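K.L.:
I'd like to ask some things about the structure below.
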Amino acid sequence: MTKTSLEKNHPGIEAKVRAALNSEPRLGPSFHLKQLIFGNDGSLVLEGDVPSVAGKKLALERVAAIPGVTGIVDRLHVIAATPMGDGEIRVHVRDALIGELAFETLEIRELDAGNWRLVRGVPQGKQGNIDVEVQEGIVTLNGNVPGLTSKRLAGVLAWWVPGVRDVVNGIEADPLEEDSPDLIEEAVKVALEKDPLVNASQIRVGVRKTTVRLTGTAVTSAEREAAETDAWCIFGVDKVLNEIEITL
């Protein structure tokens, strides 16, 4: 590892980064960084496999809080629940977007073998578009959609594909909206309502800044965990407090 000005100006920062990651229980005892590179501008490149979206976001939060770290290049990827090839992932993501009623006025394209292919055109009443690209299990979404809630829903649908290792959501909201806790809350509620594993009518959502608080009831621990995972998958959510009670 090449020594840089960051290490010189902030002695022991590598040890602090590793200690911060080791202290995060969501990462588990088997987690280790594949690569930790210090940039001259104070940024860190973090590369490794994490067990969940929650683990990924909490790891980034812990490292970002270390004095001297001015930015993070995120190369932390979730271990796929079900191994899939890029083509299979792309088909699942594409079909999920096409099947979503909220996106019926959006044009959908996919990058297949280096060529962009139109998989669903909307000749009349078009309100935007989504482009899907998959490389090494990482889904990249671009395009324009009507509002931040639509952008967030597209990201959740991609995360729900079990072979996905990461989602890079570059979709733009048109018209541009100023983000807020209310918009995050709206997106979480939409995700819960769309999730067949969750009874959204029994779960309440509260948001303060970028922290989501879930309360209410679930029938099983699997439902409780699914609701929490949905919240973590929302673009812009940094923390989830799961206070859902299991009734059985």
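The values are calculated or read from the model by the stated rules, or taken from the named source; none is laboratory data. It should be emphasised that the depicted structure is a prediction, and the values quoted were computed from it without experimental measurement. We place every Cβ from the backbone using ideal geometry, glycine too, and count neighbours over all the protein chains shown.
K.L.:
Taking the condition within 26 Å of Gly28 (Cβ to Cβ) and either surrounded by fewer than 17 Cβ atoms within 10 Å (Cβ to Cβ) or not assigned by TED's automatic domain parsing to the domain that holds Ile234 (or both), does Ile130 pass?
P.N.:
It is false that Ile130 is within 26 Å of Gly28 (Cβ to Cβ) and either surrounded by fewer than 17 Cβ atoms within 10 Å (Cβ to Cβ) or not assigned by TED's automatic domain parsing to the domain that holds Ile234 (or both).
K.L.:
Just checking, which of Ile37, Ile72 is part of a strand (DSSP E or B), free of Cβ contacts under 8 Å to residues at least 40 places away in the same chain, surrounded by 17 or more Cβ atoms within 10 Å (Cβ to Cβ) and not assigned by TED's automatic domain parsing to the domain that holds Gln135?
P.N.:
Answer to the check: Ile72.
K.L.:
Report yes if Glu136 is free of Cβ contacts under 8 Å to residues at least 40 places away in the same chain and not assigned by TED's automatic domain parsing to the domain that holds Val50, otherwise no.
P.N.:
So Glu136 fails the test.
K.L.:
Restricting attention to the range 193-215, does a residue exist that is touching a residue at least 12 places away in the same chain (Cβ under 8 Å), buried (at least 22 other Cβ atoms within 10 Å of the Cβ) and among the basic types (Lys, Arg)?
P.N.:
For the range 193-215, residues touching a residue at least 12 places away in the same chain (Cβ under 8 Å), buried (at least 22 other Cβ atoms within 10 Å of the Cβ) and among the basic types (Lys, Arg): absent.
K.L.:
Sticking with this structure for a sec: Report yes if Glu136 is under 18 Å from the mean Cα position of the chain (by Cα) and at positive phi, otherwise no.
P.N.:
Answer is yes for this residue.
K.L.:
Let me ask you something else. Does Arg117 satisfy the criteria of being surrounded by fewer than 18 Cβ atoms within 10 Å (Cβ to Cβ), modelled with pLDDT of 95 or more and not in a helix (DSSP H, G or I)?
P.N.:
Yes; evaluated as a whole, the condition is true for this residue.
K.L.:
Hey, can you tell me all the residues within the range 146-185 that are buried (at least 22 other Cβ atoms within 10 Å of the Cβ) and aromatic (Phe, Trp, Tyr)?
P.N.:
Within the range 146-185, just Trp159 meets the criteria.
K.L.:
Further question on the same structure: Show the residue pairs meeting these rules: Cβ distance below 9 Å; 6+ apart or different chains; first residue within the range 151-162 and outside the structural domain of Ile98 (by TED's automatic domain parsing); second residue part of a helix (DSSP H, G or I) and acidic (Asp, Glu).
P.N.:
none
K.L.:
For Pro196, only one of the following conditions fails: (1) closer than 20 Å to Leu97 by Cα; (2) in a strand (DSSP E or B); (3) of a type outside the set (A, V, I, L, M). What is its number?
P.N.:
Condition (2) is where Pro196 drops out.
K.L.:
Does Thr229 count as over 21 Å from Ile98 (Cβ atoms) and buried (at least 20 other Cβ atoms within 10 Å of the Cβ)?
P.N.:
Here the answer is yes, as Thr229 does meet what is asked.
K.L.:
Taking Lys57 as meeting all but one of (1) among the basic types (Lys, Arg); (2) closer than 15 Å to Leu76 by Cα; (3) at pLDDT below 90, write down the number of the exception.
P.N.:
If we test Lys57 against (1) among the basic types (Lys, Arg); (2) closer than 15 Å to Leu76 by Cα; (3) at pLDDT below 90, just (3) comes out false.
K.L.:
For Arg94, are the conditions met, namely being over 15 Å from Val167 (Cα atoms) and part of a helix (DSSP H, G or I)?
P.N.:
No, not satisfied.
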